[in-house]
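Colleague: Below is the structure I would like to discuss, written out as structure tokens.
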Amino acid sequence: MGLKASTQGKEAIAKAIKAQEFRLNGKNCPLQAVKESFGEELSETTWERFIYAKAPIREKNFNALCKILQLDPKNIAMRPEAHCFDSAPMQFRFYGREPELQALEHWIKRDRCRLILICGLDGIGKTWLAAKLTDKVHDRFDRSFSQDFSYAQPIREIIANLLRRVDSDFASGIDLHESLLNLRMRLIKALTDQRILITLNESWDDRDRLQDSYHQMQGWLLELSEKAHQSCVVMTTRIELDMPIIEKKVQSLKLGGLCESAIVQLLNDKGITCNLDSARRLGERYGGNPSALNLAVSLIIKHYGGDCEGFLSRTIMIPPSLEEIYRQHWDHLSETHKALLKQLAACQEALLKEELDVKLSAEVPASEIDLAVFDLERRSLLELVQEGSRSAYTLQPVLQRLIQRKKLV
């Protein structure tokens, strides 16, 4: 890691330069003394970064300059901020998710996973759970930080942004134009030299129309999982990635809705009395989505005086933000996907696979139905229901109602 002077360190450097009658440049500059004593030829840029603490410089260069100035580097250097959560969500009350959090902790502490994927719809709590995980395990890492990314970004830019956080040479502006291969190798080296926990939070964009970027990202993540290193990357994503699950190296967690007891706790904390049955019905209505439930709570308090049963007796109220989430997904679906969802929305009961095949046989080939079912499950738009030994498919009430009302069509 690179080093730079703290505020007190800069003052000490200035005093040492004055006391030893060094000049900031020219013949009596410490750069010449470094060259004579250590055989290192440092640039004026490095010197300026050192004395003004503009940016970190290589540790060996920092130590050499301190020695020439008769300063102790430990007293001069700024202590790095090892754990940074600049893109983590604001903290709020933890409802449910204990089993999921325990599984994630196990994968990091016991299995030392290199890559963990947390998948699910917007508002389901992916980013927040990842932040909670970091809070639990960051003491096992040398550094930890979170960073947003978009498939609209070139993979080179994503890796470069990470390198600026973990590689002092890159942060200092050295070798900015390296090849993509070298950047990938440099990041692997940083993840090997230090134990770093990186949380990558996916920002929504038109991933389906950015397939090249998506496949590049997928290839890079596969490389992270296969190369030997001691770090861990936790990635939050709307859609499950086509990544092989490698025991004790790569794991994937698909987040579902909150359980009834967690919903009761959420409502009670807002001053709303609610039993398990009401919590179950409210959870089914909104898929247990924490963000949607919080919006529903606001409606219950504002328009129903805290009467949860009164709210549930009315037709489904769909918050605009939740409708927009489904609309974004809908706009990126193929006609086969949409035909399948329309068939499920028209049925009050879950459909068995063979029933779905019959209803769609006139317009969709059987092979496309299988692929569409798989893809919609990855997008959390399809719910799987076990009926004995057979699987049936249905939709969450909100999505079903939106399709029935032709809000998305």
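What follows is calculated from the coordinates using simple rules that are stated; it is not laboratory data. These numbers were taken from a predicted model, which means no experiment stands behind them. For neighbour counting, all protein chains shown are included, and Cβ atoms are generated from backbone atoms with ideal geometry for every residue, glycine included.
Colleague: At R0 = 56 Å, how high is the FRET efficiency between M317 and E36 if r is their beta carbon distance? Nearest 0.05 is fine.
Modeller: Between M317 and E36 the formula returns 0.15.
Colleague: Shape verdict for segment 1-66, please, from the Cα gyration tensor: rounded (a/c under 1.5), prolate (a/b greater than b/c) or oblate.
Modeller: Cα axes put segment 1-66 in the oblate bin.
Colleague: Return the calculated 222 nm mean residue ellipticity for the chain, to the nearest 500 deg cm²/dmol, obtained by summing -39500 (n - 2.57) across DSSP H runs with n ≥ 4 and dividing by the residue count.
Modeller: About -15000 deg cm²/dmol.
Colleague: Taking Cα pairs under 8 Å and at least six residues apart, what relative contact order does the chain come out at, in percent?
Modeller: 15 percent.
Colleague: Roughly what would the spin-label model give for R23 and N75, points 7 Å off Cα along C-beta, in nm?
Modeller: Computed distance between label sites R23 and N75 equals 2.9 nm.
Colleague: If you don't mind, another one. Which entries of K10/K54; K338/K406; K67/K189 have Cα-Cα distances beyond 21 Å here?
Modeller: In this structure, K67/K189 exceed 21 Å between Cα atoms.
Colleague: Using the beta-carbon distance between Y52 and S150 and R0 = 35 Å, what value does 1/(1 + (r/R0)^6) give for FRET efficiency, to the nearest 0.05?
Modeller: Efficiency, from the Cβ-Cβ distance: 0.55.
Colleague: Which value, to two decimals, describes the C-alpha radius of gyration of segment 323-404 once divided by 2.2 N^0.38 Å?
Modeller: Working it through for segment 323-404, the quotient is 1.01.
Colleague: Can you find, among L253, W128, Y52, the residue farthest towards the positive end of the dipole of the chain? Put +1 on the C-beta of Lys and Arg, -1 on that of Asp and Glu.
Modeller: Y52
Colleague: With springs only between Cα atoms under 10 Å apart, run a GNM on the chain and tell me which of Q230, Q20, Q218 wobbles the most.
Modeller: Highest fluctuation of the listed residues: Q20.
Colleague: Over all alpha-carbon pairs of segment 267-314, lay out the pair-distance distribution in 10 Å bins, whole %, shortest bin first.
Modeller: That works out to 28, 67, 4, in percent per bin.
Colleague: Could you give the Stokes-Einstein D for segment 243-351 in µm² per second, using the C-alpha Kirkwood radius, 37 °C, 0.692 mPa s?
Modeller: Reported coefficient: 203 µm²/s.
Colleague: Another question about this same structure. Say the dipole of the chain comes from +1 at the beta carbon of Lys and Arg and -1 at that of Asp and Glu; which of S334, T199, M317 then lies farthest toward its positive end?
Modeller: Of the listed residues, the answer is T199.
Colleague: Take the chain, compute every pairwise Cα distance, and split them into 10 Å bins from 0; I just need the percent in each bin.
Modeller: 4, 18, 23, 21, 15, 9, 6, 3, 1, 0
Colleague: Just need log10 I(q)/I(0) for segment 184-272 at q = 0.14, 0.26 Å⁻¹, Debye formula, equal scatterers on the alpha-carbon atoms, no solvent, rounded to two decimals.
Modeller: Normalising to I(0) and taking log10 leaves -0.66, -1.42.
Colleague: Please arrange C232, C308 by how many other C-beta atoms lie within 10 Å of their C-beta, fewest to most.
Modeller: Fewest-to-most Cβ neighbours within 10 Å comes out as C308, C232.
Colleague: If you place +1 on the Cβ of every Lys and Arg, -1 on the Cβ of every Asp and Glu, and leave all else neutral, what size is the dipole of segment 7-76 about its Cα centre, to the nearest 20 Debye?
Modeller: Approximately 140 debye in magnitude.
Colleague: Which FRET efficiency value, to the nearest 0.05, do you get for Q230 and E98 by plugging their Cβ-Cβ distance into 1/(1 + (r/R0)^6) with R0 = 25 Å?
Modeller: 0.35
Colleague: Also: For the chain, with only Lys/Arg (+1) and Asp/Glu (-1) charged at the beta-carbon, what is the dipole magnitude about the Cα centre, in debye rounded to 20?
Modeller: 1320
Colleague: May I pose another question? Given labels modelled 7 Å from the Cα in the Cβ direction, how far is it in nm from Q211 to F374?
Modeller: Rounded to a tenth, the inter-label distance reads 1.5 nm.
Colleague: What nm value, rounded to one decimal, do you get for the distance between D307 and E105 when each label is placed 7 Å out toward the C-beta?
Modeller: 4.3
Colleague: Search the structure for amide H atoms under 5 Å from the amide H of N289, placed 1.01 Å from N in the peptide plane, and list their residues when 5 or more places away or on another chain.
Modeller: When sequence neighbours closer than 5 places are left aside, the close amide H contacts are L258.
Colleague: Which residues does the label zone of D277 cover in segment 367-395, counting backbone N under 18 Å from a point 7 Å along Cα→Cβ?
Modeller: Once the point is set 7 Å along Cα→Cβ of D277, nothing inside segment 367-395 turns out to lie under 18 Å by backbone N.
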